[in-house]
1. What's the longest uninterrupted piece of the chain once you rule out the GluC sites (Glu not before Pro) that are loop residues per DSSP with at most 15 other Cβ within 10 Å?
2. Please compute the length gained on full extension between K62 and M1, using 0.36 nm multiplied by the number of residues separating them and subtracting their Cα-Cα distance.
3. Before anything else, pin down the relative contact order of the chain: Cα pairs under 8 Å, at least 6 apart, normalised by residue count, whole percent.
4. Scan region 1-102 for trypsin sites (Lys or Arg not before Pro) in coil per DSSP, keeping those whose Cβ has at most 15 other Cβ atoms within 10 Å, and list them by number.
5. Summing -39500 (n - 2.57) over the DSSP H runs of n ≥ 4 in the chain and dividing by its residue number, what mean residue ellipticity at 222 nm do you reach, to the nearest 500 deg cm²/dmol?
6. Give me a comma-separated list of calculated 3J(HN,Hα) values for region 201-217, in order, Karplus coefficients 6.51, -1.76, 1.60 applied at θ = phi - 60°, integers in Hz, x for any Gly or Pro.
7. Taking Rh as the Kirkwood radius computed over C-alpha pairs, what is the Stokes-Einstein D of region 1-53 at 37 °C in a medium of viscosity 0.692 mPa s, expressed in µm² per second?
8. Mind checking region 138-223 for chymotrypsin sites (Phe, Trp or Tyr not before Pro) that DSSP puts in a loop (not H, G, I, E or B) and that have at most 10 other Cβ atoms within 10 Å?
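Every number in this text was worked out from the coordinates using simple rules, so none of it is lab data. None of the values given here were measured: they were computed from a predicted structure. Backbone-built Cβ (ideal geometry, glycine too); neighbour counts: all protein chains shown.
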Amino acid sequence: MQPEFDSLTRVMKARYSCRAFLSQPVKRDLIEQIVHTARRSPSWCNAQPWQLTITTAEETAKLGKALYEHASQNTMQPDLPWPEGYSGAYKARRFTCGMQLYDALDIGRTDKPARAAQMLENFRFFGAPHVAIVTSPRELGAYGALDAGGFVTAFTLAAQASGVASIAQAAPAGYAPFLRNYFGLSDDKLVLCAVSFGYADEAHKANSFRTERATTDEIIDWH
């Protein structure tokens, strides 16, 4: 096996969705280096549709306060519809991931207020000093979103390789009109997701578990 493959495998195994960050900001040149690497992601017809709105630590705090208050009082209006549902293995994986988080935080299965409070932490970006709002042109529809998803993966891996933790979040994009108004984003852009990033609070219980992955036999249908 090539050394580059081994290095990539180590980075992918080390990456996880960080849900508690230190307040220490990431230097701007390091953020630019992460984006510089992630921009090599493949895209349909090389359109490279991803666009990022990245906040400084001070602006992240302001945004988090405003979005948290908005999310506490308003219903979601995502640009892209949420999944119609989760069934079979997808439902089981989603359930297991949620229970791992609640168990790590000592939140009981019937403690709905505590679960709701943890959900709202999405809108404070789990204390991350930076957040990237990911958008793509509305006219590219699902293909632009697909390409941007590939970029998000590359971004999180490049961040991990740089010692920076991250988490890709759908929840903030549920308030797309708010984010569009807050940042002055044009209507011809779809708000797809957020990626919160910074340095992990490794002592926090929220970062104490790791999710499992399906086996290759579960993924591949050979013909």
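1. Details: sites that count: E84, E202, E212.
That would be 85-201.
2. Values: separation 61, 0.36 × 61 = 21.96 nm, distance 4.71 nm.
Gain on extension, K62 to M1, equals 17.2 nm.
3. Numbers: 309 pairs, mean separation 82.8, N = 223.
Normalised by residue count, the contact order of the chain is 37 percent.
4. On the way: sites: R10, K13, R15, R19, K27, R28, R39, R40, K62, K65, K91, R93, R94; in loops: R15, R19, K27, R39, R40.
Counting only loop positions with at most 15 other Cβ atoms within 10 Å, the trypsin sites (Lys or Arg not before Pro) in region 1-102 are K27, R39, R40.
5. Numbers: 8 runs with 99 residues, N = 223.
Result for the chain: -14000 deg cm²/dmol, rounded to the nearest 500.
6. With the stated coefficients, region 201-217 comes to 8, 5, 7, 6, 4, 5, 9, 8, 10, 10, 7, 8, 10, 4, 6, 5, 5 Hz.
7. Working: Rh = 14.1 Å.
Translational D for this selection: 232 µm²/s.
8. Details: sites: Y143, F151, F155, Y175, F178, Y182, F183, F197, Y199, F209, W222; in loops: Y199, F209, W222.
Those satisfying the criteria are W222.
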